[in-house]
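Quick note: the coordinates plus some simple rules give every number you see, no bench work behind them. Keep in mind it's a predicted model, so treat the numbers as computed, not measured. Positions of Cβ are generated from backbone atoms using ideal geometry, with glycine treated the same way; all protein chains shown enter the neighbour counts.
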Amino acid sequence: MPSLDEVRRELDKDELDYPALASELGPDVLPELHELVTEDEPRIASKAAYLAGLIAGPTSHDVVSLAAGSRHDVVRLAAAATLPALPVEHATGIAETLLADPDVGVRARAVQSAAKLEQSPLADRVRAMAADDPEPGLRDLAASLSEDAPA
């Protein structure tokens, strides 16, 4: 199992093949990814959060949930991006948090991810954002995505 510093070095590369890295490292690296999300290095923390979601291990959702509460918008954005890779029962609660994020970019990515979740109870939430979000562009995005969402 790689050390925390080894995982940090892997994530510190400019271009990552996330699916290959997730397969290579596997669920045993989730404690290290959890630790990296807690550190105040948003570039590494965002990559750690995204990778944790793709690993789909027993505690992946805990790492993504932690990232969803980060003070750094780029880390919350990564959490939103990886939601479709999580089981819907875990992704739904995290998505609820991110759909209410103060950052419009995070909310937009969360809407896109929520629309991809299979059998998600978030369809009503996406439709509500189409009507009520303070950002016109996000209302339009939510409206276009909710057209395809199940009622």
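Numerical summary
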| quantity | calculated |
| --- | --- |
| Most mobile listed residue (Lys116, Lys13, Lys47) in the chain, GNM with C-alpha springs under 10 Å | Lys13 |
| Per residue Cα convex hull volume in Å³ - calculated over the chain | 98 Å³ |
| Choice from Leu117, Leu66, Leu16 showing the highest fluctuation, given a GNM over the chain with Cα pairs closer than 10 Å | Leu16 |
| Candidates Ser23, Ser46, Ser65, ranked by Gaussian network fluctuation over the chain, Cα under 10 Å, top entry | Ser23 |
| In Å, descending, principal axis extents of the Cα set of region 59-102 | 24, 18, 13 |
| Helix axis angle, 123-132 relative to the chain longest principal axis, alpha carbon, degrees | 60 degrees |
| Whole-number percent relative contact order across the chain, with pairs defined as alpha carbons under 8 Å at least 6 apart | 15 percent |
| Computed [θ] at 222 nm, deg cm²/dmol, the chain (DSSP H ≥ 4; -39,500 (n - 2.57); rounded to nearest 500) | -20500 deg cm²/dmol |
| FRET E, pair Val104, Asp40, Förster distance 25 Å, beta-carbon r, rounded to 0.05 | 0.60 |
| Reciprocal of mean inverse Cα separation for region 35-112 (Kirkwood radius, Å) | 11.6 Å |
